[in-house]
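Since every read-out is calculated from the coordinates, none of them should be taken as a lab result. Not measured: the values here are computed from a predicted model. Cβ placement follows ideal geometry from the backbone for every residue including glycine, while neighbour counts extend to all protein chains displayed.
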Amino acid sequence: MKDQSLSSIDHTRVQRSFARGLQSYHENASVQRQIAEELVAILAAQGVPKTLGRVLEFGCGTGHLTSALLDQFDIDALTLNDLVSEAEQPLQALLQQRGQAASFCFGAIEELVLPQQLDLIASASTVQWIADLPATLSRLSDALRPGGWLALSGFGRHQFHQLVELGSQAAAPNYLDAGEWPLILPAGLELVAMRQQTIDLQFASAIDLLRHLRRTGVNGQASRGWGRRDLEQFERRYRQRFACADQLPLTYDAVWILARKPG
Ligand SMILES: C[S@@+](CC[C@H](N)C(=O)[O-])C[C@H]1O[C@@H](n2cnc3c(N)ncnc32)[C@H](O)[C@@H]1O
């Protein structure tokens, strides 16, 4: 169900990129898995109760966060969202394994009519794709019950800084450092915890690095239309600037935010 009055961002490119990469995403997105697990560890450390009534996860992809949430919590009513409906198949398999029921709603979270009176809204590695984050956060806050939790992970301004320094245009639209989150949280939410940490992956070659980006659906267009010479030039420049012990580093800049609606 869509609320047509909200902003109509063109999600087609993001959708194409993730739908194409979905199959390979699960095995290759080891950093996103780690980030999702850390988000749940933060929820547990802050004393979020083991049993939760109504939970919404958006941008669930192939279920890295879904899986970590189900390891930690017993959830009565789970709603799963992603921009791409191709996510339903891997998610159904995951839910079946866990004996967990869930309802699905596909489409951009900014445009969905949200379930209400939620105990928890959670999302990992997705908010960087939302253009008007303050408006979306305000809608999410309205959908929480008093005492409900909002747990998010995104990426900071150092995300893929090597690619940015080499002139890549294919970054996600909304990288925010942890310190910027308090400025955009709606008045109705209290910040409970936040963290930021870089995670470096190492690649033997530029081809391996670009393959990783394509397989995780991130910067899927980055090397589109490149010939052999473009690739050689990219590798040469990347090595000159960033190589360490003959490896090419790629920096993820993870940010975790936990907020609560006062009870
Ligand atoms: C990097 S993946 C993260 C998937 C999963 N949460 C994880 O931690 O592995 C980002 C996901 O967000 C979805 N996505 C992007 N923009 C979205 C939007 N506006 N609303 C809902 N989902 C969105 C993509 O389709 C993709 O599956």
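What is the Cα radius of gyration of the chain over 2.2 N^0.38 Å, N being its residue count? Provide the component values of the computation, followed by the final result.
On the way: Rg = 18.6 Å, N = 263, 2.2 N^0.38 = 18.3 Å.
Output field value: 1.01.
Mind grabbing the base-10 log of I(q)/I(0) for segment 175-263 at q = 0.17, 0.22, 0.26 Å⁻¹? Debye formula, identical points on the C-alpha positions, no solvent, two decimal places.
-0.80, -1.05, -1.28
Quickly work out the D246-to-Q202 label distance, labels modelled 7 Å from Cα along the C-beta direction, and quote it in nm with one decimal.
1.1 nm
Which number do you get for Rg(Cα) / (2.2 N^0.38 Å) in segment 27-143? Don't skip to the end; give the middle numbers.
Numbers: Rg = 13.4 Å, N = 117, 2.2 N^0.38 = 13.4 Å.
This ratio for segment 27-143 stands at 0.99.
Provide the gained length on full extension for the span D74 to Q23, in nm with one decimal, where the gain is 0.36 nm per separating residue minus the Cα-Cα distance. Write out the running numbers ahead of the final one.
Values: separation 51, 0.36 × 51 = 18.36 nm, distance 2.77 nm.
That works out to 15.6 nm of additional length.
Using unit Cβ charges (K, R positive; D, E negative) and no other charged atoms, how large, in debye to the nearest 20, is the dipole of the chain about its Cα centre? Intermediate results must be reported in sequence, preceding the final value.
Working: 24 positive and 28 negative charges, 112 e Å.
It comes to approximately 540 debye.
If neighbour count is taken as other Cβ atoms inside 10 Å, put F58, F234, F242 in order from fewest to most. Write down the numbers at each step before the final one.
Numbers: F58 27, F234 21, F242 16.
Arranged by neighbour count, lowest to highest, F58, F234, F242 become F242, F234, F58.
With loop defined by DSSP as not H, G, I, E or B, and exposure as at most 10 other Cβ atoms within 10 Å, which is the longest segment of the chain clear of exposed trypsin sites (Lys or Arg not before Pro)?
Values: sites that count: K50, R224.
For trypsin sites (Lys or Arg not before Pro) (loop position, at most 10 other Cβ atoms within 10 Å), the longest site-free span of the chain is 51-223.
Roughly what would the spin-label model give for L166 and R16, points 7 Å off Cα along C-beta, in nm?
My value for the distance between the label points is 2.3 nm.
Run the numbers for A187 and Q117: contour at 0.36 nm per residue of separation, minus the present Cα-Cα distance, in nm. Present the calculation step by step, with values, prior to reporting the outcome.
Values: separation 70, 0.36 × 70 = 25.20 nm, distance 1.78 nm.
Taking 0.36 nm per residue and subtracting the Cα distance, the gain is 23.4 nm.
Using label points projected 7 Å from each Cα along Cα→Cβ, tell me how many nm separate T51 and R237, to one decimal.
With each label point 7 Å from Cα toward Cβ, the separation is 5.8 nm.
If you average the sequence gap of Cα pairs under 8 Å that are 6 or more apart and divide by the length of the chain, what percent do you get for the contact order?
Numbers: 476 pairs, mean separation 61.3, N = 263.
It comes to 23 percent, rounded to a whole number.
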